[in-house]
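First up is the structure itself, then whatever we jot down about it.
The values are calculated or read from the model by the stated rules, or taken from the named source; none is laboratory data. No experiment lies behind these values; they were computed from the predicted model shown. Cβ coordinates were reconstructed from backbone atoms using ideal geometry, including for glycine residues, and neighbour counts include every protein chain displayed.
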Amino acid sequence: MFPDGVGRGYDTCVLEEVSSTMDAARERAGDLTRPLWVLAKRQTGARGRRGRAWRMPEGNFAATLALPLDRPAPEAALRSFTAALALDDALTAITGRPAALSLKWPNDVLLNGGKVAGILLESTAKGNLTSLLMIGVGINLAAAPDASEVEAGAVRPVSLVGETGHLAPPEEFLSLLGDAFAAREETLKSEGFAPIRTAWLARAARLGQTIHARTGTETLTGRFEGIDVTGALCLATEGGLITLPAADIHFAKPEIPNASLR
C-alpha cells in the first residue's frame with residue numbers, strides 16, 4: 001500500500017490477480033481512515049451492474065475505490081456522477097479530444113459513441129447512513145468485448161487503443177483518474193451537487209433525444225430531458241414528465257460516431 005499514491009489523501013494498493021477488485025477492496029476496508037484505490041492487473045470474477053459478467057482482457061483497467069463516508073445513501077450515490085466526470089477528465093487528458101467522449105446515464109462513459117468504461121457502486125450501511133462506498137471502475141484500455149458478447153440493444157463496446165491508438169498502462173491511468181476523482185470529490189463536498197450536475201449535463205449522451213428506459217417492470221420511451229437535483233433521469237413521455245432513480249437506458253437509434261481520432 002502506498003500513501004498518497006493518487007490524489008491527495010488517497011492510498012493505493014496494486015495487486016497481481018484477484019477475483020474482483022470490489023471484493024479485494026472490501027476485504028481491506030475494515031479499518032480504513034482514508035480512501036483506498038485497489039488496482040488489479042488481472043480479474044477472474046469481475047461483475048458489472050445487476051450481476052452481469054465483466055470480462056477483463058490483459059491490459060485493461062480494473063480498480064475499486066473504497067471511500068469511507070458516513071453520509072445518507074442518496075448523497076453517497078451521487079459519486080456515480082463524480083466518478084463519471086473523473087473518467088472523462090482522465091480520458092480527455094490522454095486523447096486530447098473531449099468531443100469524442102460523452103457520459104451515458106447512469107454510469108457509462110462513451111468514446112466515439114461506443115462504451116469504453118463502466119462504473120459500479122456498492123455500499124455498506126450503518127443505520128441510515130452509507131458508511132462505506134465502493135466505486136468499481138472498468139475501462140477497455142487495450143481491448144473490448146465482441147459486440148456478440150453484450151446484451152441486445154446495448155451500446156457497442158470499444159477500446160481506447162482501438163478508437164484512438166493511445167495505449168495507457170493501467171497504473172499510469174490510475175494516477176490520472178485518482179487525481180481527477182479527488183478534484184471532483186472536493187467540488188462535491190465543498191459546493192454540493194449543483195456544479196457536478198451542470199458539468200455532467202454538459203457531457204451527457206443523447207440529451208434532448210429519444211431514449212428507452214427499462215425498469216424492472218416496463219420499458220418507457222421518451223425524450224431525455226436531463227437529470228434532477230437527486231441525479232434521477234428526467235424523461236418526457238407521452239403521459240408527461242417522469243423521473244427515474246434507476247433504469248437501463250437504450251438508445252432509440254444508432255449514434256453517428258465522431259470522426260476517428262487517429
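Structure notes:
- Cβ pairs under 9 Å, 6+ apart, first in the range 136-156 and closer than 24 Å to I94 by Cβ and charged (D, E, K, R), second modelled with pLDDT of 90 or more and assigned to a loop (DSSP other than H, G, I, E, B): R156/G113; R156/A144
- Residue ID - nearest to I139 (Cα to Cα), chosen from residues in the range 153-193 that are part of a loop (DSSP other than H, G, I, E, B) and of a type outside the set (A, V, I, L, M): S159
- When R8 is tested against (1) under 14 Å from I119 (Cα atoms); (2) at pLDDT below 90; (3) touching a helix residue (DSSP H, G or I) at 6+ places or on another chain (Cβ under 7 Å), exactly one condition is not met: (1).
- Residues of the range 89-103 that turn out to be buried (at least 23 other Cβ atoms within 10 Å of the Cβ) and either of a type outside the set (A, V, I, L, M, F, W, C) or farther than 17 Å from G138 by Cβ (or both), as a count: 0
- Counting the residues of the range 29-38 that are modelled with pLDDT of 90 or more and closer than 12 Å to T64 by Cα gives 4.
- Only one of E185, E163 that is under 28 Å from P35 (Cβ atoms) and charged (D, E, K, R): E185
- Matching option when the condition is of a type in the set (K, R), farther than 18 Å from A180 by Cβ and modelled with pLDDT of 95 or more, among K41, K115: K115
- G216 on the phi > 0 side of the Ramachandran plot and out of contact with any His (no Cβ under 7 Å at 6 or more places or on another chain): no
- Among (1) at pLDDT below 95; (2) hydroxyl-bearing (S, T, Y); (3) under 23 Å from H250 (Cα atoms) - the single one T82 does not satisfy: (1)
- Checked against the criteria, S80 does not count as more than 18 Å from T230 (Cα to Cα) and either surrounded by fewer than 19 Cβ atoms within 10 Å (Cβ to Cβ) or assigned by TED's automatic domain parsing to the domain that holds T187 (or both).
- Number of residues in the range 198-223 that are assigned to a loop (DSSP other than H, G, I, E, B) and either polar (S, T, N, Q) or closer than 10 Å to I249 by Cα (or both): the value is 3.
- Selection from the range 124-159 of residues that are closer than 27 Å to L67 by Cα, crowded, with 20+ Cβ neighbours inside 10 Å and of a type outside the set (V, I, T): L132, L133, M134, G136, G138, N140, L141
- Filtering the range 91-117 to residues that are touching a residue at least 24 places away in the same chain (Cβ under 8 Å), in a helix (DSSP H, G or I) and touching a strand residue (DSSP E or B) at 6+ places or on another chain (Cβ under 9 Å) leaves L91, T95, A100.
- Of note, S131 does not satisfy the criterion of being without any contact (Cβ under 8 Å) to a residue 60 or more places away in the chain, over 12 Å from L87 (Cα atoms) and out of contact with any Cys (no Cβ under 9 Å at 6 or more places or on another chain).
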